[in-house]
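First the structure, in the form of structure tokens, and then the observations on it.
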Amino acid sequence: MDSSSGCESSWRTPRPAKSFWGPRGSTVEISPGNLDYGVMGSYSNDAPESLTTGRWRSLGRTLAPFILRALGCVGVRFRRIRFLRLQYCRGDGVEVGAGTSPSCPPLDGTVMVDQAAIPPGSKGALATAESLPFSDGDFDFLLSAHCLEHCPNTLAVLEEWLRVLSPGGILFLVLPHGERTFDRGRALTTLAHHIEDYTNGVTYGEDTHLAEFEAIALAQYDPEWMGDASARLDDGALDWDWMITNGLVHYHVWTEREMKAVALHLGCEILRAVPMAPDRPDSFVIVARKTPTAR
């Protein structure tokens, strides 16, 4: 995919290295001069620390990813989304589809992106998943939780997400498992299906996906919002435009196997594929690295 924004990386604010302990003895301010879109915020932690404490903290920052990765191999607890995020999502990052309940702490420096709203006090942009307002290679990681299934053209969206990752950057996906959600019974989306969608340039109004979602998912799901007057047209039919705008449609259905095939097709290296996240049993996790040959 061609670069889409030409946006300068002026949002990138110099700051101390991030870790899950947070910056110590420092304040990061985001000002209109270096962030001309979205919501601006700041964070601070000015508590003093001794030289010895600082040395231990620095050592901890260095060793933490290796310790957590080793623990993740032997214990279910350490396959939780939070621990996986601490292992792989380091450096400058962006969360796509963050909404007001992001997976990343809103004040840890991660840029938040959503088409509707982002957490108060965070920095980020209102934008769609298909068109991110950032330059090529701006981020060290991109995290997205339960967003990709709401996009009809999976390959096009993932190409856009890979575009904003630096070489070796991490793509961290949390997605609904097709056998443990209301999508159960729908056909799993194959790589060939995604390639066909990409070739045909499918859009949000594509009828095939919507018909299957209504016939199978909604029939067993029966969500409360279907009783909302806004969900229906005057003739009683579902208002698909309203549903799509509010992120209520799942276009595709996967397990970790199908999404691994998609990531490999795009030239990524698979680092982790977790069939079930213990802290969110309806989900699986894919962690992939952008390689020099990734699209």
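Numbers at a glance
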item: So VAL174, is it surrounded by 14 or more Cβ atoms within 10 Å (Cβ to Cβ) and over 23 Å from ASP282 (Cα atoms); result: no
item: Where VAL202 falls short, out of the listed (1) of a type outside the set (Asp, Glu); (2) closer than 29 Å to PRO133 by Cβ; (3) surrounded by fewer than 18 Cβ atoms within 10 Å (Cβ to Cβ); result: (3)
item: Scope the range 227-245; condition surrounded by 12 or more Cβ atoms within 10 Å (Cβ to Cβ) and in contact (Cβ under 8 Å) with a residue 12 or more places away in the chain; matching residues; result: ALA231, LEU238, TRP240, TRP242, MET243, ILE244
item: Some residue of the range 232-253 being of a type in the set (S, T, N, Q) and in contact with a helix residue (DSSP H, G or I) (Cβ under 7 Å, 6 or more places away or on another chain); result: no
item: Residue in the range 254-295 that is surrounded by the most Cβ atoms within 10 Å (Cβ to Cβ), counting only those that are under 18 Å from GLY137 (Cβ atoms), modelled with pLDDT under 95 and out of contact with any helix residue (DSSP H, G or I) (no Cβ under 6 Å at 6 or more places or on another chain); result: THR293
item: Number of the condition not met by ILE216 [criteria: (1) touching a Phe, Trp or Tyr at 6+ places or on another chain (Cβ under 8 Å); (2) at pLDDT 90 or above; (3) hydrophobic (A, V, I, L, M, F, W, C)]; result: (1)
item: Qualifying residue in the range 207-217 (condition: among the aliphatic types (A, V, I, L, M), out of contact with any Lys or Arg (no Cβ under 8 Å at 6 or more places or on another chain), surrounded by 11 or more Cβ atoms within 10 Å (Cβ to Cβ) and not in a helix (DSSP H, G or I)); result: no
item: Hits in the range 203-227 - residues which are touching a Pro at 6+ places or on another chain (Cβ under 8 Å) and within 17 Å of THR181 (Cβ to Cβ); result: HIS209
item: Set ILE216, ILE270: member being closer than 30 Å to ALA288 by Cβ, free of Cβ contacts under 8 Å to residues at least 40 places away in the same chain, out of contact with any strand residue (DSSP E or B) (no Cβ under 7 Å at 6 or more places or on another chain) and not aromatic (Phe, Trp, Tyr); result: ILE216
item: Pair list, Cβ < 8 Å and 6+ apart or interchain, from the range 193-209 residues that are in contact (Cβ under 8 Å) with a residue 24 or more places away in the chain and closer than 17 Å to VAL262 by Cβ to residues that are of a type in the set (Gly, Ala, Ser) and crowded, with 16+ Cβ neighbours inside 10 Å; result: TYR198/ALA156
item: Search result, residues across the range 195-228 that are closer than 12 Å to TRP240 by Cβ and in contact with a Gly (Cβ under 6 Å, 6 or more places away or on another chain); result: none
item: Selected residue (criterion: surrounded by the most Cβ atoms within 10 Å (Cβ to Cβ)) from residues of the range 177-199 that are of a type in the set (Gly, Ala, Ser) and more than 15 Å from LEU148 (Cα to Cα); result: GLY185
item: Residues within the range 122-137 that are at pLDDT 95 or above and crowded, with 23+ Cβ neighbours inside 10 Å, tallied; result: 2
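The values are calculated or read from the model by the stated rules, or taken from the named source; none is laboratory data. The structure displayed is predicted, hence computed values, not measured ones. Glycine gets a Cβ as well: all are built from the backbone with ideal geometry, and neighbour counts include every protein chain shown.
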